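Data block below; observations after.
Read the figures in this text as sums done on the coordinates, not as results from a lab. Please read these numbers as outputs of a predicted model, since none were measured by experiment. As a convention, Cβ positions derive from the backbone with ideal geometry for all residues, glycine included, and neighbour counts pool all protein chains shown.
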Amino acid sequence: MIRAALFDIGNVILPFDFSPALARLRARSGRDTPAGWNEIERVKLAYEGGLMKRADFLASLRRELSFRGSDEELVEIWSDVFAPNLPMDALIDQLHASGLRLYLLSNTSDIHVDTFVSRFPIFARFAGAVYSHEERLMKPDLEMFRRAIDRFRLHPAETLYVDDLAPNVEAATALGFVARQYDYRRHEEFARELAAMVFTSPARGQR
């Protein structure tokens, strides 16, 4: 019986696309040939992995791009990469109403967490989160999942884990989670499977 659900964020709750942000950043570059995605991704991964603070990340991004705008503009551009996934919002509302405990497990940064919380009301449905930049770990490291298990007192065999990336799903499966890979372009297929797992199960009691 599923009693809790642990969700990834990017391309699950919020589809994202860095391409428009990269174009905007490059348009504000002082270089004739501004940095490409590979250079920026290196800094992004260090930031999301907790290896640098916000100020250091912004300074590094500014240096890679020779960015000519303010820090406020840089944060605004970096934040403007997400779109709502309304079918998933509706499904999360259903899960919440059914009594499931809902949590987040995400490779992300404090800039993006601020964006989630301020712009997308669906995040009020979640009772807690484990974020890579705070833990200084990144999925698919099994320790990230273990910290969620310990912090939220999860029983993996009774916990649904949803992620868009196969290595993360495989890591969760190795720890006994009921793990499913999600593609927001095939949401209805996922929703049908979830309904069979959760909404047709016997009433959930308290442990």
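Key figures for this structure:
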quantity	calculated
Share, in percent, of DSSP beta bridges within the chain that are antiparallel, nearest 5	10
Among (i) 28, 19, 16; (ii) 25, 19, 17; (iii) 34, 17, 14, the entry derived from the coordinates for semi-axes √(5λ) of the Cα gyration tensor in Å	(iii)
Rounded to the nearest 20 debye, dipole of the stretch 19-79 from Cβ charges on Lys, Arg, Asp, Glu	120
At least 15 Å along the helix axis (C-alpha) and Kyte average at least 0.0, DSSP helices within the chain	86-97
Electrostatic dipole magnitude of the chain [Cβ: Lys, Arg +1; Asp, Glu -1; Cα centre; debye, to 20]	360
Computed E for Met197/Ser118 - FRET, C-beta separation, R0 22 angstrom, nearest 0.05	0.10
Loop-located trypsin sites (Lys or Arg not before Pro) in the stretch 93-189, at most 12 other Cβ atoms within 10 Å (DSSP)	Arg136, Arg153
Within a Gaussian network of the chain (alpha carbon springs, distance under 10 Å), most fluctuating of Asp56, Asp32, Asp71	Asp32
Calculated [θ] (222 nm, deg cm²/dmol) that DSSP helices of n ≥ 4 give over the chain, each run adding -39,500 (n - 2.57)	-13500 deg cm²/dmol
Cα-based Kirkwood hydrodynamic radius, the stretch 19-79, one decimal, Å	11.5
Inter-part distance where the stretch 115-177 and the stretch 88-102 are each reduced to a Cα centre, Å	16
